[in-house]
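The values are calculated or read from the model by the stated rules, or taken from the named source; none is laboratory data. All of these numbers come straight from a predicted model, not from anything done at the bench. Cβ atoms come from the backbone with ideal geometry, glycine included; neighbour counts cover every protein chain shown.
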Amino acid sequence: MNPVDWWHGLEGGAIAEARPPPPNADAPYPNLSSVPAKPPPPDARAQQGVAAGLTADRNNAHYAAVAEPIPALPKPAPRPAAAPTASGDADEQPNAALQAAHAAPAAPAAPSPAAVPAAQAPGAPTALAGAAPAMPDIPPAPPSPPVLAGVDVPAVT
């Protein structure tokens, strides 16, 4: 008795039971003389005909695939314009930013002559609200080095 059998015997249950014999364990050994003989090979002319037919089928399929044009993709349908609903709910109203993004860009409006100050020369850029500030002629000075107690920092020249 080996330790595995001893352990399974202590466990009990289905694992401790003896295995049943495999199916047909008591059947007689098969008689190999009853195997049929190898069939004769087909004649060479028939094999060449089958090979030629398969080659022709492959070539025809390749020609049809190359000759067939690639279909064009259909153009997407235009989006319908969203109309505001009569209920007045904020959730059902169209998004103004979304509508502005899909709208055609508007041409920039020229300032009226009354809005341009008299001191400004014609053709000079106008200062619009929210525009970037004018750039200085020279870059700003570099920051001064930090002052540390007991450490000499060389001056930048």
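Quickly run through segment 18-73 and pick out the residues that are of a type in the set (S, T, N, Q) and either surrounded by 10 or more Cβ atoms within 10 Å (Cβ to Cβ) or more than 30 Å from D5 (Cβ to Cβ) (or both).
Of everything in segment 18-73, those that are of a type in the set (S, T, N, Q) and either surrounded by 10 or more Cβ atoms within 10 Å (Cβ to Cβ) or more than 30 Å from D5 (Cβ to Cβ) (or both) turn out to be N31, S33, S34, Q47, Q48, T55, N59, N60.
Criterion first (among the aliphatic types (A, V, I, L, M) and either part of a helix (DSSP H, G or I) or at pLDDT 85 or above (or both)) does A100 satisfy it? So A100 passes the test.
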